[in-house]
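Asks: One structure follows; several queries about it will come next.
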Amino acid sequence: MGYLLDGLKSMWTTALNAIRPPFTQEFPKVLRPHPERYHTSFALLHDETGDEACTGCGACARICPSQVITVKLGKRESAITQKKRGYADDFTLDLTACLVCELCVQVCPTDAIVMLKVPELPGFRREDLVLSMPRLYENEKSKPLGWSNATKLMAMQDPKAGAAKPEPSKETAPAPAAAGAAS
Amino acid sequence: MAVNEDALAYHHPLYDLMLNVPGLAVGLAPVDRLLTWGLKNSLWVFPMATSCCGIEYMAASASRVDIDRMGTIPRASPRQADVMLVAGTITVKMAPRVKRLWDQMPEPKWCIAMGSCAISGDFYRNLYSVVPGIDTFLPVDVYVPGCPPNPEAVMHGLLRLQEKVEAARAGHPVNAEPPPELFGAISPSLPRLTDQNRPPELSEEQVQASLTVVPEGDPGEVPVDLTPPSIPGALPDGVSTELAPLLKDRFGVAEIPADAPPLVPAERHVELAATLKALGYRQLVFVAASHHPAKKDGEAEAFEVAYALRTVGAGSKVASWRVRVPATESVPTLTPTFAGADWQEREQFDLVGVRFSGHPDLRRVMLPENWEGHPLRRDYPADHAAAPWR
Amino acid sequence: MTLFAWLSSILVAVIVLTVTAFGLWWERKLAGRMQSRLGPTIVGPIGLFQPIADLLKLVQKEPIIPQRADRALFWLAPPLTTLFALLVAALVPFGPKLAPANIDVGVPLIIALGGLALIPVWMAGWASHNKYALLGAMRAVAQSVSYGVPLVLTALVPVILAGSMNLNSIVAWQHRHHWLVVWPVFLGLPAFILFILAMLAEANRIPFDIPEAESELVAGVSTEYTGMHFGFIYLAEYVHTLVGSAVASTLFLGGWDGPFGPSVLWMVLKTCLLFSVLYWLRWSLVRLRADQLMALAWKWLVPAGLALVLLAAVWTQTPWGR
């Protein structure tokens, strides 16, 4: 008897669902709006003078829990400010073992590494998922950047200032890179 | 070079006929296109979901993303599936099962590695028990990055697989060019399936030779003095104060360290356990072994095994002690006194390699039977090359 | 056998298989909507070509025979399941003159053919040399034998009331008088519901699908089958349901009888409607346990069926039912 009543109840539920509009958001065509703090992939930034922001200090490589960041430190004279400073001669972030924990962003002293709002494409080889330095700088130009950088994340942890809120950004619209890739 | 040779190995008889009869291939090109269209639009998934990525796969099948839109349904039997979706960490013990299920799938078949653990082992990749990426034993077609990837990424991976299926049939496989040498890329501690220098698989004899466990003799009756000494209870944190006077009076232990369990001679620790059991310490809490390699100052290689007992009920007291033996000798088992010591000692044998003399069934309990070595020893190589799943 | 009978049989088989293929699509769409999803949309317009893609895929898959399987039985069983399910379709009348095989023992023959469909299922389970397949086949046989009894009893109700075992005559009687579910309602409606339940159990559909319970038996009888062999078993299940709905609408819903228009239209309409209702049941209900299943058959459906047969016999002797 209980089965009969429950059965009728679930039949009522499914019948209601069948006449309601479905929840499905058709993925390749429509992209679900992600929260402000959504972050998946990485980019390296240039600073306000147009120079590479990364000084090659390797703080991100040391804090990374799964050790996916490799930095080669180099020292040379900046082409823009004519001052001698540190540079990353080579920089690799291997997405194949990344935890997406954002610790590298948090410790960066120059706000050089940030995260993106769009994921990397699924690859056909492991090497397709390795973010080399040219790819990271390419990501800065071509893909929407996430909210966080080191300054904002550290400010969030300041007890006096209180938690910083991610300001609502304009571009919750579908990211062009992911939409193009899915086609 | 990285062409998936396995996926091209099987040909349907109809397909072979098309290729071998001259002229037929040209005439039947539209048919081939139609067949490819069918193949790529009906990818039935065998979800090999072992951990959190499996939840995201389920979300991908559910209402929001709904991979059924592209004709993907889950099949419980590998015989009817086209795609194996490996979602989650694959341990060394799981890997042979995954391989077997993969072998049971009919050609043509594909494999998707979903999430960091399946792709590379993530930050468990140097752990003794985790496979550093499933491409060390399966031919992976699509790698979906993320930890875990979101449901849309699962569908994206399937869409990429469709691209690959179509490209492979058209004669230009997508990953034909050799992988570039990349600075800083993680290379798995084991050769991948696509690597040229991959060693041949282990023979059955090699596997059997690694199983060299022989249980030793029976310890016989242990003489036990059951007169309960009149000792007060325990410290506020539950550590027993009864143990120290007991050890001093009856077991001749002079040194009772303040910050570690006292060392008890190995030949008398069974008697100690029985005495404590008579005093009301009826539960064996843990057996934990550690390995101490030989030092430069002449200290020999040794094992230390720590035991802890507790009383049952309210106001529980804990008593613990250590036993230290040279690496060549064995520790008398506690199994006759505490039945619960059986599996715990087996575990310590399995992971550290301590022998327990008189243990009734000293086999491996956690690692596969054919495992070589004991992974929690200090001298165990982290990237052990003789992993048995290959 | 006349040429007309041959041609119409082939035509019916082709039509039933085509309708079944799109029944697959319809089920997936329906299931999707019931779960607030969309169902197939990408392959073809509104996903309509999905069954075709599935078929083309299944044809191309490698046929695997387990090493210790019984080869002959293993090969033979899947086509036989579809064949026996299709045989029933030849007996169903689609109009006053549109019955491929209009024979006088239609009702018993349908039930006999339904029982015959068990044999390939058992063959498949035995030949696979797989414990899950064997367990699934054993469950299927036990279940079908049990539910065969109420199936026969409830099918007897229209036979007694119409006074004929010829399906066309039963429909003609309903055409002259009234549909059986409408009057006598206390006989027709319970008999119809019982028939549907027993038919679902015979076809091994949810809520009576313990022979292929995924959580226990991987995929039941079809565990070891790949490619088109699996396709046949898969198809047989749907053909069975479709033909079962056709038989149920013939016996209880007046078959080809309708107030206007061609008779075929009414028959197809009723069958498709019943087919959809069965899928509504399938995607709403949960699976019964094996003991609950047997209790339902022997403690409830068989006594109820016997009572209905008795009542029908009495009813025919009353002045209203004469």
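Asks: Considering only residues of segment B:77-88 that are under 21 Å from the mean Cα position of the chain (by Cα) and part of a strand (DSSP E or B), which is farthest from A:Leu93 (Cα to Cα)? Show your work before the answer.
Replies: To start, the set of residues in segment B:77-88 that are under 21 Å from the mean Cα position of the chain (by Cα) comprises B:84-88.
After this cut, where a residue has to be part of a strand (DSSP E or B) as well, the list is B:84-87.
Values: B:Met84: 28, B:Leu85: 25, B:Val86: 23, B:Ala87: 22 Å.
The selected residue is B:Met84.
Asks: Contact list please: Cβ distance under 7 Å, first residue in segment B:83-101 and closer than 19 Å to B:Pro375 by Cα, second residue small (Gly, Ala, Ser), pairs at least six apart or on different chains.
Replies: Hits for this filter: B:Thr89/B:Ser51; B:Ile90/B:Ala118; B:Thr91/B:Ser129; B:Val92/B:Ser129; B:Val92/B:Ala387.
Asks: Return the residues of segment C:112-142 that are farther than 16 Å from C:Trp75 by Cβ and buried (at least 23 other Cβ atoms within 10 Å of the Cβ); say none if nothing qualifies. Give the derivation first.
Replies: Within segment C:112-142, the first condition is being farther than 16 Å from C:Trp75 by Cβ, and the residues that meet it are C:112-118, C:131-132, C:134-142.
C:Gly114, C:Ala117, C:Gly136, C:Ala137, C:Arg139, C:Ala140 - these are the residues of segment C:112-142 that are farther than 16 Å from C:Trp75 by Cβ and buried (at least 23 other Cβ atoms within 10 Å of the Cβ).
Asks: Taking into account only those residues within segment A:120-143 that are part of a loop (DSSP other than H, G, I, E, B) and open to solvent by less than 50 Å² (accessible area, probe 1.4 Å), which is farthest from the other protein chains (Cβ to nearest Cβ)? Steps first, answer last, please.
Replies: Taking segment A:120-143 as the starting set, the residues that turn out to be part of a loop (DSSP other than H, G, I, E, B) are A:120-122, A:124-125, A:132, A:143.
Within this subset, residues satisfying the condition of being open to solvent by less than 50 Å² (accessible area, probe 1.4 Å) are A:120, A:122, A:124-125, A:132, A:143.
On the way: A:Glu120: 5, A:Pro122: 4, A:Phe124: 4, A:Arg125: 5, A:Ser132: 6, A:Lys143: 14 Å.
For segment A:120-143, the residue satisfying everything is A:Lys143.
Asks: In segment C:19-45, which residue that is in a helix (DSSP H, G or I) and without any contact (Cβ under 8 Å) to a residue 12 or more places away in the chain is surrounded by the fewest Cβ atoms within 10 Å (Cβ to Cβ)?
Replies: C:Pro45
Asks: To continue, here is another question. Does at least one position in segment A:93-105 carry a residue that is within 28 Å of A:Ser148 (Cβ to Cβ), among the polar types (S, T, N, Q) and surrounded by 16 or more Cβ atoms within 10 Å (Cβ to Cβ)? Full working, then the answer.
Replies: The initial filter retains those residues of segment A:93-105 that are within 28 Å of A:Ser148 (Cβ to Cβ), namely A:93-105.
After this cut, where a residue has to be among the polar types (S, T, N, Q) as well, the list is A:96.
Still in the list and also surrounded by 16 or more Cβ atoms within 10 Å (Cβ to Cβ): A:96.
Yes, because at least one residue in segment A:93-105 is within 28 Å of A:Ser148 (Cβ to Cβ), among the polar types (S, T, N, Q) and surrounded by 16 or more Cβ atoms within 10 Å (Cβ to Cβ).
Asks: So, one more: Please go through segment B:89-118 and give me each residue that is assigned to a loop (DSSP other than H, G, I, E, B) and surrounded by fewer than 24 Cβ atoms within 10 Å (Cβ to Cβ), ordered by number.
Replies: The answer is B:Thr89, B:Val92, B:Lys93, B:Met94, B:Pro106, B:Glu107, B:Pro108, B:Lys109.
Here is a yes/no grid of residues against (1) closer than 30 Å to A:Pro134 by Cβ; (2) without any contact (Cβ under 8 Å) to a residue 24 or more places away in the chain; (3) away from every other protein chain (no Cβ under 11 Å); (4) under 17 Å from the mean Cα position of the chain (by Cα):
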residue	(1), (2), (3), (4)
A:Asn17	no, yes, no, no
A:Pro21	no, yes, no, no
A:Phe27	yes, no, no, no
A:His34	yes, no, no, yes
A:Thr49	yes, no, yes, no
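Asks: Has segment A:4-19 got at least one residue that is open to solvent by 50 Å² or more (accessible area, probe 1.4 Å), at pLDDT below 85 and either on the phi < 0 side of the Ramachandran plot or among the aliphatic types (A, V, I, L, M) (or both)?
Replies: yes
Asks: Quick one: which helices (runs of 4 or more DSSP H) sit completely within segment C:226-322 and have at least 2 residues that are more than 14 Å from chain B (Cβ to nearest Cβ) and within 21 Å of C:Val185 (Cα to Cα)? Step through it out loud before you land on a result.
Replies: Details: elements: C:227-252, C:263-282, C:290-295, C:302-317.
By residue number, C:227-252, C:263-282, C:302-317.
Asks: Same structure, new question: Would a scan of segment B:65-84 turn up a residue that is open to solvent by less than 50 Å² (accessible area, probe 1.4 Å), away from chain C (no Cβ under 11 Å) and at pLDDT 90 or above?
Replies: Applying the first criterion (open to solvent by less than 50 Å² (accessible area, probe 1.4 Å)) to segment B:65-84 yields B:65-73, B:75-84.
Of the ones still in play, those that are also away from chain C (no Cβ under 11 Å) are B:83-84.
Still in the running and at pLDDT 90 or above: B:83-84.
Within segment B:65-84, one or more residues are open to solvent by less than 50 Å² (accessible area, probe 1.4 Å), away from chain C (no Cβ under 11 Å) and at pLDDT 90 or above.
Asks: Would a scan of segment C:80-97 turn up a residue that is surrounded by fewer than 23 Cβ atoms within 10 Å (Cβ to Cβ), within 9 Å of another protein chain (Cβ to nearest Cβ) and farther than 30 Å from C:Val149 by Cβ?
Replies: Looking for residues that are surrounded by fewer than 23 Cβ atoms within 10 Å (Cβ to Cβ), within 9 Å of another protein chain (Cβ to nearest Cβ) and farther than 30 Å from C:Val149 by Cβ, one finds none in segment C:80-97, hence no.
Asks: Further, regarding this structure: So is A:Ala61 away from chain B (no Cβ under 14 Å), modelled with pLDDT of 85 or more and not in a loop (DSSP other than H, G, I, E, B) or not?
Replies: Values: away from chain B (no Cβ under 14 Å): no; modelled with pLDDT of 85 or more: yes; not in a loop (DSSP other than H, G, I, E, B): yes.
Answer is no for this residue.
Asks: Which one of these is under 33 Å from the mean Cα position of the chain (by Cα) and either buried (at least 18 other Cβ atoms within 10 Å of the Cβ) or modelled with pLDDT under 90 (or both): B:Ala258, B:Ala294, B:Ala278? Before you say what the answer is, go through the steps one by one.
Replies: On the way: B:Ala258 fails: under 33 Å from the mean Cα position of the chain (by Cα); B:Ala278 fails: under 33 Å from the mean Cα position of the chain (by Cα).
Exactly one residue qualifies, and that residue is B:Ala294.
Asks: Does segment C:129-137 include one or more residues that are in contact with a helix residue (DSSP H, G or I) (Cβ under 8 Å, 6 or more places away or on another chain), over 21 Å from C:Thr18 (Cα atoms) and free of Cβ contacts under 8 Å to residues at least 60 places away in the same chain? Reasoning before the result, please.
Replies: We begin by selecting, within segment C:129-137, every residue in contact with a helix residue (DSSP H, G or I) (Cβ under 8 Å, 6 or more places away or on another chain); these are C:129-130, C:132-137.
Remaining after also requiring over 21 Å from C:Thr18 (Cα atoms): C:129-130, C:132-137.
Cutting the leftovers down to free of Cβ contacts under 8 Å to residues at least 60 places away in the same chain gives us C:134.
Scanning segment C:129-137, I find at least one residue that is in contact with a helix residue (DSSP H, G or I) (Cβ under 8 Å, 6 or more places away or on another chain), over 21 Å from C:Thr18 (Cα atoms) and free of Cβ contacts under 8 Å to residues at least 60 places away in the same chain, so the answer is yes.
Asks: Test each condition in (1) in a loop (DSSP other than H, G, I, E, B); (2) over 20 Å from the mean Cα position of the chain (by Cα) for B:Leu159 and report the one that comes out false.
Replies: (1)
Asks: Still on this structure, please answer the following. Mind listing just one residue for me: the one in segment B:31-60 that is hydroxyl-bearing (Ser, Thr, Tyr) and under 28 Å from the mean Cα position of the chain (by Cα) and, of those, surrounded by the fewest Cβ atoms within 10 Å (Cβ to Cβ)?
Replies: First, pick out the residues of segment B:31-60 that are hydroxyl-bearing (Ser, Thr, Tyr): B:36, B:42, B:50-51, B:57.
Now narrow it down to the ones that are under 28 Å from the mean Cα position of the chain (by Cα): B:50-51, B:57.
Working: B:Thr50: 17, B:Ser51: 14, B:Tyr57: 25.
Here the residue is B:Ser51.
Asks: Condition (residue is farther than 17 Å from B:Ile186 by Cβ, touching a strand residue (DSSP E or B) at 6+ places or on another chain (Cβ under 8 Å) and among the hydroxyl-bearing types (Ser, Thr, Tyr)) applied to segment A:92-113: is it met by at least one residue? Give the steps one after another, and end with the answer.
Replies: Start the filter on segment A:92-113 by keeping residues that are farther than 17 Å from B:Ile186 by Cβ, which leaves A:102-103, A:105-113.
Narrowing further to those that are touching a strand residue (DSSP E or B) at 6+ places or on another chain (Cβ under 8 Å): A:102, A:105, A:112-113.
Within this subset, residues satisfying the condition of being among the hydroxyl-bearing types (Ser, Thr, Tyr) are none.
There is no residue in segment A:92-113 that is farther than 17 Å from B:Ile186 by Cβ, touching a strand residue (DSSP E or B) at 6+ places or on another chain (Cβ under 8 Å) and among the hydroxyl-bearing types (Ser, Thr, Tyr).
Listed here are the residues, each with its yes/no results for (1) aliphatic (A, V, I, L, M); (2) more than 16 Å from the chain's Cα centre (by Cα); (3) more than 21 Å from C:Gly163 (Cα to Cα).
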site: C:Trp280; (1), (2), (3): no, no, yes
site: C:Lys299; (1), (2), (3): no, yes, yes
site: C:Trp315; (1), (2), (3): no, yes, no
site: C:Thr318; (1), (2), (3): no, yes, no
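Asks: Turning to a different aspect of this structure: For A:Val71, only one of the following conditions fails: (1) out of contact with any Lys or Arg (no Cβ under 8 Å at 6 or more places or on another chain); (2) more than 30 Å from B:Pro180 (Cβ to Cβ); (3) without any contact (Cβ under 8 Å) to a residue 40 or more places away in the chain; (4) within 14 Å of chain B (Cβ to nearest Cβ). What is its number?
Replies: Checking A:Val71 against (1) out of contact with any Lys or Arg (no Cβ under 8 Å at 6 or more places or on another chain); (2) more than 30 Å from B:Pro180 (Cβ to Cβ); (3) without any contact (Cβ under 8 Å) to a residue 40 or more places away in the chain; (4) within 14 Å of chain B (Cβ to nearest Cβ), the one that fails is (2).
Asks: Could you look through segment C:183-219, keep only residues that are part of a loop (DSSP other than H, G, I, E, B) and more than 14 Å from chain B (Cβ to nearest Cβ), and pick out the one that is most open to solvent (accessible area, probe 1.4 Å)?
Replies: Just the residues of segment C:183-219 that are part of a loop (DSSP other than H, G, I, E, B), to begin with: C:183-184, C:203-209, C:213, C:218-219.
Filter again for more than 14 Å from chain B (Cβ to nearest Cβ), leaving C:183-184, C:203-208.
On the way: C:Trp183: 108, C:Pro184: 3, C:Ala203: 6, C:Asn204: 27, C:Arg205: 8, C:Ile206: 33, C:Pro207: 6, C:Phe208: 3 Å².
The qualifying residue most open to solvent (accessible area, probe 1.4 Å) is C:Trp183.
Asks: While we're here: So which residues in segment C:143-152 are among the hydrophobic types (A, V, I, L, M, F, W, C) and surrounded by fewer than 23 Cβ atoms within 10 Å (Cβ to Cβ)? Reasoning before the result, please.
Replies: Within segment C:143-152, the first condition is being among the hydrophobic types (A, V, I, L, M, F, W, C), and the residues that meet it are C:145, C:149, C:151-152.
C:Val145, C:Val149, C:Val152, listed by residue number.
Asks: In segment B:367-384, which residue that is open to solvent by 20 Å² or more (accessible area, probe 1.4 Å) and in contact with a Leu (Cβ under 7 Å, 6 or more places away or on another chain) is modelled with the lowest pLDDT?
Replies: B:Asn370
Asks: Only residues that are touching a Phe, Trp or Tyr at 6+ places or on another chain (Cβ under 8 Å), of a type outside the set (S, T, N, Q) and open to solvent by 40 Å² or more (accessible area, probe 1.4 Å): list them for segment A:53-70, please.
Replies: First, the residues of segment A:53-70 that are touching a Phe, Trp or Tyr at 6+ places or on another chain (Cβ under 8 Å): A:54-56, A:65-67, A:69-70.
Checking the rest, the ones that are also of a type outside the set (S, T, N, Q) come to A:54, A:56, A:65, A:69.
Passing the criteria: only A:Pro65.
Asks: Moving on. Could you check segment C:220-238 and list, in sequence order, the residues that are surrounded by fewer than 23 Cβ atoms within 10 Å (Cβ to Cβ), small (Gly, Ala, Ser) and on the phi < 0 side of the Ramachandran plot?
Replies: Hit for segment C:220-238 is C:Gly231, nothing else.
Asks: Now a separate question. Considering only residues of segment A:79-119 that are part of a strand (DSSP E or B) and at the interface with chain B (Cβ under 7 Å from one of its Cβ atoms), which is farthest from B:Glu163 (Cα to Cα)?
Replies: From segment A:79-119, those part of a strand (DSSP E or B) are A:84-94, A:113-116; that's our starting set.
Add one more test, that the residue is at the interface with chain B (Cβ under 7 Å from one of its Cβ atoms), and what stays is A:90, A:92, A:94.
On the way: A:Asp90: 33, A:Thr92: 28, A:Asp94: 24 Å.
Of everything passing the filter in segment A:79-119, A:Asp90 is farthest from B:Glu163 (Cα to Cα).
The values are calculated or read from the model by the stated rules, or taken from the named source; none is laboratory data. Keep in mind it's a predicted model, so treat the numbers as computed, not measured. Quick reminder, even Gly has a Cβ in these numbers, built from the backbone with ideal geometry, and neighbours come from all protein chains shown. For accessibility, only protein heavy atoms count, side chains too; no ligands or nucleic acids. Shrake-Rupley method; radii C 1.70, N 1.55, O 1.52, S 1.80 Å.
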